[in-house]
Amino acid sequence: MKLEQWRSAWQQLIGPGSPYEVATAPEGGLRYFRHAAANLLEAIDAGRVHGEREFLVWEQQRLTFDGFFQQVDRLAGQLSQRFAVAQGDRVAIAMRNQPAWLVAFVAIQRCGAVCVPLNSWGLRDELLHGLQDSGARVLVCDLQRLQFLKGDLIDERLPAIVVGAAGQALPSNCQPYEALAEAPLLALPPISIAPDDPALILYTSGTTSRAKGVLSSHRAICQALAALEFQGAFCALSSPERIKAVIDSGLPPTNLMAVPLFHVSGLHAQFLLALRSGRRLLLMYKWDVDKAFDLIRDERCTQFNGAPVMMQQLLNSPRFASSDSDSLYGLGLGGAAASSRLLAHITRLKPLAIGGSGYGLTESNGICAAVGGDQFAYKPDSVGWPLPIVDVCIGPDPGSPLPAGHSGLIWLRSPTLMNAYWQLPQASAEAVQDGWLDTGDIGHLDDEGFLYITDRAKDLINRAGEMISASEVESCICEMPGVVEAAAFAIADDDLGERLALVLRCEQVPAPSSEQVCAFIGQRLAAYKVPAEVHLLHTPLPRNASGKLIKAQLRELLVDA
């Protein structure tokens, strides 16, 4: 049976002598990858062996691995000598995806500093919060972010390195990036980076409150990278026919990257993995489905990983069924929950593709469970087996686990967990209890060990004591012909406590009426799960940079209306 073959492959990969050998810490019982890099700089420098192989393609720019690392070393010298960046200092990045973002990230690590990626979708207040909260010494940004922050940088006496400003007049506290990246090589002072030293502060999505800084150590990120690489190796072992099709194509591994670099799905799972493994990256400044197909066709792209809303646009395009997508062998989902219709769509249109998805949080450096290849075809609506260094507990607390098949709060324990929320001790203590992270997600493990995510704890609607899963209602209505996306959430109700509101976007003309929507749901779900009110929008629903719906914004619009 395939299940036993998969388990055998899993054990083979984590056994003694394997590159993915798993060991158990004597104190605390945490499992970890024995051969993971000791620090992020060691993990990154593995990419230097790829030499003159092409690494980055963006607009008119092309960079080899050697060319990339030359820019890194020059910028690191400038950060150290001209800007006095020392080990442990925080350096922020605020710009849209482009090669300079990647160069800046690695240069910051070369100085032993802590990188603070800021949400480039954010406006002035969110960007300024990240700078002030982290205590950044330097900002690396593009011109658009400089316009938001120009006055604040002067007030904060914060120097900036500005990308794309060559030949333009800049404020006295700003230096053009291009000149620094081409400056003579300067020596760096020797540094020694311990595994538990801080490496990264990533800000949470902030869909419900002010974004919190997630502080992670070098050890946590290196263990996360090893876990992602393990998953790739396991997918290859467990899906040999799919992998053979990729190898037989003769195409060099090439990723189309449209998700933002200021999230773990872009930073860890795409950029850092590609850098280490020698994969080519096609960077998109912003998502555009037709431009994506142009890149896939012209650059012979083999892999696309994106949020479900991106994948849906890709699959719904008539170009997906054309020769434009012939090179595409890998399709990965992340960042938000996918509907069952989208998962079935992937399997039907690309039956031999290496489909996949996963589950993780910023607080766990994106690591918890993953599924790919044959396992994805077997159980596409699961997020797979918890990775070998992850413990998962379903229940009200880690000491009260529920049996398989029972749904409850998901707790996880792993060496990839954050150190803390930056300067928020109370929030940190609430989030991580005795080494276990309260994910805030609801789910269950089945009798074969596959993890399913069914809801966010905050996305349960309590209607007169009956609990309604928002994702269940959303998944149901997305099966209705013409419905592109939907958001279900609670609105306060004097009699019921909470009532269910549903907002959806439909591409069908004419759009279905509220009565038709309710009838469709009523035929498939219990009567109390039928929404009390239905709202139709003709524009995309608001989402954050990782593709999650911003329901608070929708709720405010309805309440104001």
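We did not get these values from a lab; they are worked out from the coordinates using the rules stated. Note that the coordinates shown come from a computational prediction; the quantities given were computed from them, not determined experimentally. A quick note on method: Cβ atoms are made from the backbone with ideal geometry, for glycine too, and the neighbour counts reach across all protein chains shown.
Summary table
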quantity	calculated
Among 117-128, 354-365, 239-250, 47-58, the order from most to least packed when residues are scored by Cβ within 10 Å on average	354-365, 117-128, 47-58, 239-250
Packing-based exposure ordering (other Cβ within 10 Å, fewest first) of 453, 201, 491	491, 453, 201
Around residue 397: net Lys/Arg minus Asp/Glu count, Cβ-Cβ under 13 Å	-2
Largest-first principal axis extents, alpha carbons of the stretch 387-473, Å	38, 32, 21
Simple spin-label estimate for residue 326 and residue 378 in nanometres, 7 Å along Cα-Cβ	3.3 nm
Dipole moment magnitude, nearest 20 debye, the chain about Cα centre, only Lys, Arg, Asp, Glu C-beta charged	1040 debye
Backbone HN-Hα couplings from phi across the stretch 489-504 [Karplus 6.51/-1.76/1.60, Hz, Gly and Pro as x]	7, 8, 10, 4, 9, 4, 8, 9, x, 9, 10, 8, 10, 10, 10, 9
Degrees between helix 124-134 axis and first principal axis of the chain (Cα, 0 to 90, nearest 10)	60 degrees
Mean ellipticity per residue at 222 nm, deg cm²/dmol - from DSSP H runs of n ≥ 4 across the chain, formula -39500 (n - 2.57)	-9500 deg cm²/dmol
Distance between modelled label sites at residue 70 and residue 48, nm, 7 Å Cα→Cβ extension	1.6 nm
Potential extension, residue 244-residue 7 segment - 0.36 nm per residue separation minus Cα distance	83.2 nm
Sites residue 525 and residue 87, calculated FRET efficiency, Cβ-Cβ separation with R0 56 Å, nearest 0.05	0.50
Size of electric dipole in the stretch 259-327: Cβ of Lys, Arg +1 and of Asp, Glu -1, about Cα centre, debye, nearest 20	260 debye
Cβ-based exposure ranking for 371, 264, in which fewest neighbours within 10 Å come first	371, 264
Amide hydrogen neighbours beyond the local backbone of residue 355, cut-off 5 Å, H modeled	331, 373
Amide H contacts under 5 Å for residue 440, placed H, 5+ residues apart	410
Value of relative contact order over the stretch 218-455, rounded to a whole percent, pairs C-alpha under 8 Å and six or more apart	17 percent
Magnitude of the charge dipole, the stretch 37-140, Cβ model with Lys/Arg +1 and Asp/Glu -1, debye to 20	200 debye
Per-residue Cβ neighbour rank within 10 angstrom, fewest leading, 141, 174, 518, 368	518, 174, 368, 141
Three-way shape label, the stretch 464-560, alpha-carbon gyration tensor, a/c 1.5	oblate
Whole-number percent relative contact order across the stretch 243-362, with pairs defined as alpha carbons under 8 Å at least 6 apart	25 percent
Under 27 Å between alpha carbons - lysine pairs in the chain that sit 8 or more apart or on different chains	26
Cβ-Cβ FRET estimate between residue 514 and residue 446, R0 fixed at 51 Å, reported to 0.05	0.90
Selection from 227, 269, 325 lying farthest towards where the dipole of the chain points positive, charges on Cβ	325
Over the chain, relative contact order from alpha-carbon pairs under 8 Å, at least 6 apart, %	11 percent
Rg followed by Dmax, in Å, when the stretch 148-270 is reduced to its Cα trace	20.7, 60
Tensor-based shape of the stretch 218-455 (alpha-carbon gyration tensor, a/c under 1.5 rounded, otherwise prolate or oblate)	prolate
Estimated FRET transfer efficiency (residue 317, residue 147; beta-carbon r; R0 41 Å; 0.05)	0.75
Cα gyration tensor shape for the chain, rounded if a/c is under 1.5, else prolate or oblate	rounded
For residue 379, net neighbour charge (Lys/Arg +1, Asp/Glu -1) across residues whose Cβ lies under 15 Å away	-3
